[in-house]
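> If you scroll down you'll find the structure; I have some questions about it.
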Amino acid sequence: MAASIPLRADFDGSHLRRLAWSATDPGQVRRLLALAAIRAGEPRSAAAAIGGVGLQTVRDWALKFNADGPASLVTGKPPGNRPILDEAQRAELRRIVEAGPDPAVHGVVRWRIVDLTQWVWDEFRLSVSKQTMSRELRAMGLRRLSAAAPSRPGPRGGHGVQKNFPATLAKIAARDAPGQPIEVWFQDEARIGQKNKITRRWARRGARPSAPHDQRTRSAYIFGAICPAEGKAAAMVLPRCTTDAMALHLQEISRAVAPGAHAVLLLDQAGWHTTAKLPVPANITLLPLPAKSPELNPVENVWQFMRENWLSNRVFTSYRDILDHCCFAWNRLVEQPWRITSIGLRDWAHRS
């Protein structure tokens, strides 16, 4: 039997007990009390009984305590199994997922889990299950999302706007609002009507869930605008999209802008947005987005969120019913400013 290990002399029994009383890790408490019993002169078998372990384990505790003190007795996280993919392989997997497949090379136009597991085998000779591949992709922050049409190429395309936005914002601030704080707003419209959307829903596997669907055509438009950095929003529900309707919405946005601040409102190039007949409040500057660039406007994501959670899978009995539901959904959003910030913040528009 191995000889017992003497404990370091800078901790006596009472000191170890005080440390045990203040410790928050249950495992560390047991180990400190076991070592305190040894320091008090009790046999090692008594210490093992206090810790609920064998004599060899108590000896290991003593060695760790002598080397690194009480902190070494905290319960550590088990290392677990070694991951199948290393960091370099994960980085390469992320690269090819974000780049998308080459149909001529990979034979598919979009990646499926089974395609990626085959790619990992072809590339690294590693066998990965579909469940493991799904976990790996989610751990990278990747999700299956609906694609949007890319903005048109050229200097006025979406990438040019993102790259040059800080300089554009600085020019607007110097020209229209010298010395004033600037709020970045986004604006868009959404048609909500009786011919409503049907969204995905949870159901038993193999079943085909049903949802109500109306063929009538009464509708209204939500004119919505958000300021993601401040978690603010302003909206109106109107019967149609016209210059007069847009003028009313600009007045509503103007009232929501902080006193003494100036709003830069990013919006698409709809005719009622760009007409010279549109009166623009003094505390707002309109900044049109490039054509065919819906991915640059986070209000598009707001509409998606509202439809999926509050407006879809419904039958609206009348125009008044449509108005009531639109107002209810928008007010629910306004009550959650963190949601506006989460959905609307864009690095290219809000970085300092």
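The values are calculated or read from the model by the stated rules, or taken from the named source; none is laboratory data. All values derive from a computational prediction rather than experimental measurement. Counting neighbours? That spans all protein chains shown, and the Cβs are built from the backbone with ideal geometry, glycine included. For accessibility, only protein heavy atoms count, side chains too; no ligands or nucleic acids. Shrake-Rupley method; radii C 1.70, N 1.55, O 1.52, S 1.80 Å.
> Take the residues of region 136-163 that are modelled with pLDDT under 75 and either of a type in the set (Val, Ile, Thr) or in a helix (DSSP H, G or I) (or both): which is most open to solvent (accessible area, probe 1.4 Å)?
His159
> Is there any pair linking a residue in region 237-260 that is open to solvent by 20 Å² or more (accessible area, probe 1.4 Å) to one that is modelled with pLDDT of 95 or more and part of a loop (DSSP other than H, G, I, E, B), with Cβ under 6 Å and at least six apart or on different chains, and which?
Thr243/Thr275; Thr243/Lys277; Thr243/Leu278; Ser254/Pro281; Ser254/Asn283
> If you go through region 126-135 one residue at a time, do you hit one that is farther than 15 Å from Gln89 by Cα, open to solvent by less than 30 Å² (accessible area, probe 1.4 Å) and either in contact with a helix residue (DSSP H, G or I) (Cβ under 8 Å, 6 or more places away or on another chain) or among the hydrophobic types (A, V, I, L, M, F, W, C) (or both)?
no
> (1) more than 19 Å from Arg8 (Cα to Cα); (2) loosely packed, with under 11 Cβ neighbours inside 10 Å: which one isn't true of Arg90, the others all being true?
So the condition that Arg90 fails would be (2).
> If you don't mind, there's one more thing I want to ask. Within region 6-22, identify whether any single residue is in contact (Cβ under 8 Å) with a residue 40 or more places away in the chain, assigned to a helix (DSSP H, G or I) and in contact with a Pro (Cβ under 7 Å, 6 or more places away or on another chain), and answer yes or no.
yes
> Hey, can you tell me all the residues within region 310-323 that are open to solvent by 80 Å² or more (accessible area, probe 1.4 Å) and either in contact with a helix residue (DSSP H, G or I) (Cβ under 8 Å, 6 or more places away or on another chain) or more than 23 Å from Ser210 (Cα to Cα) (or both)? Before the answer, list the steps.
Taking region 310-323 and keeping what is open to solvent by 80 Å² or more (accessible area, probe 1.4 Å), we get 314, 317, 320.
Answer for region 310-323, where residues must be open to solvent by 80 Å² or more (accessible area, probe 1.4 Å) and either in contact with a helix residue (DSSP H, G or I) (Cβ under 8 Å, 6 or more places away or on another chain) or more than 23 Å from Ser210 (Cα to Cα) (or both): Arg314, Arg320.
> Scan region 277-293 for residues that are buried (at least 16 other Cβ atoms within 10 Å of the Cβ) and more than 18 Å from Ala173 (Cα to Cα) and jot them down.
Pro290, Ser293
> Against the condition under 17 Å from Tyr221 (Cα atoms), touching a residue at least 40 places away in the same chain (Cβ under 8 Å), in a helix (DSSP H, G or I) and acidic (Asp, Glu), how does Glu300 come out, does it pass? Let's see the steps before the verdict.
On the way: under 17 Å from Tyr221 (Cα atoms): yes; touching a residue at least 40 places away in the same chain (Cβ under 8 Å): yes; in a helix (DSSP H, G or I): yes; acidic (Asp, Glu): yes.
Spelling it out, Glu300 is indeed under 17 Å from Tyr221 (Cα atoms), touching a residue at least 40 places away in the same chain (Cβ under 8 Å), in a helix (DSSP H, G or I) and acidic (Asp, Glu).
> Filter region 311-352 for residues that are in a loop (DSSP other than H, G, I, E, B) and free of Cβ contacts under 8 Å to residues at least 60 places away in the same chain and give the result. Don't jump to the end; show me each part of the working.
Step one: filter region 311-352 for residues in a loop (DSSP other than H, G, I, E, B), giving 312-318, 335-336, 345-346, 351-352.
The answer is Thr317, Glu335, Gln336, Ser352.
> Another question, then. Suppose the filter is at pLDDT 85 or above, surrounded by fewer than 17 Cβ atoms within 10 Å (Cβ to Cβ) and farther than 30 Å from Ser129 by Cα; does Ala48 pass it?
On the way: at pLDDT 85 or above: yes; surrounded by fewer than 17 Cβ atoms within 10 Å (Cβ to Cβ): no; farther than 30 Å from Ser129 by Cα: yes.
Taking the combined requirement at face value, the residue does not satisfy it.
> Here's a follow-up. Among the residues of region 324-336, count how many are farther than 20 Å from Leu238 by Cα and open to solvent by less than 50 Å² (accessible area, probe 1.4 Å). Write out each step before concluding.
First, pick out the residues of region 324-336 that are farther than 20 Å from Leu238 by Cα: 335-336.
From what's left, open to solvent by less than 50 Å² (accessible area, probe 1.4 Å): 336.
Residues meeting the conditions: 1.
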